[in-house]
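Engineer: One structure, as structure tokens, below. Some questions next.
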Amino acid sequence: MNNNTHGFNLVGLGRVMQMKSCLLNANDIEDDEEYVVDSPLSNLRSRSRFLASVIKKGTHCDPITNNVCNGVSANKGKSLLYCCKKHCRNVLLDKNNCGGCGKKCQEGQHCCNGRCTNTFYNVNHCGKCNKNCKNGVKCEYGYCGYA
């Protein structure tokens with residue numbers, strides 16, 4: 001076996017491992033997402049007013065005994081939290097709970113403002129939620145004015 005070929009494979013493998021590491025770190029950041037509640041919650045027991053106004057993504061909840069996120073507005077109205085399967089979910093952006101608990105978006109769709117949306121061809125959500133194309137410019141393949 002040629003040493004150069006073997007060396008190239010190790011370099012390529014190293015790059016793949018670096019990319020995987022970056023992706024894992026990006027997912028870790030997303031899991032640490034916090035929601036700042038628009039109105040302080042009276043049903044949260046906390047000594048700190050700040051702690052009572054922050055809910056972490058995926059916080060454990062129960063609609064009957066621990067109702068910390070049912071219909072709670074957060075992040076200046078950009079998030080709407082509901083208790084879905086015992087975890088707090090933002091029904092305005094979560095593609096597995098889009099607009100309500102258990103409402104899944106189809107493959108290739110994103111949850112934009114609580115509605116399943118094809119971001120490949122939507123001029124108001126081009127490539128991602130709330131990215132508007134200029135007047136008269138089409139959204140194609142997730143890009144405004146794709147040529």
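Readers should treat all values here as calculations from the given coordinates under stated rules, not as data from a laboratory. The structure displayed is predicted, hence computed values, not measured ones. Counting neighbours? That spans all protein chains shown, and the Cβs are built from the backbone with ideal geometry, glycine included.
Engineer: For region 70-147, what is the convex hull (Cα atoms) projected area averaged across all directions, in square nanometres? Present the calculation step by step, with values, prior to reporting the outcome.
Structural biologist: Numbers: hull surface 21.7 nm².
Average of the hull's projected areas for region 70-147 equals 5.4 nm².
Engineer: Moving to a separate point now. Would you tally the net charge around N96, using a Cβ to Cβ cut-off of less than 10 Å, leaving N96 out, and scoring K and R as +1, D and E as -1? Don't skip to the answer; put the middle values down first.
Structural biologist: Numbers: positive: K85, R89, K95, K103, K104; negative: D94.
Charge balance in the 10 Å sphere: +4.
Engineer: Sticking with the crude label model, points 7 Å out along Cα→Cβ, report the distance from V36 to N75 in nm, one decimal please.
Structural biologist: Simple spin-label model gives 1.2 nm for this pair.
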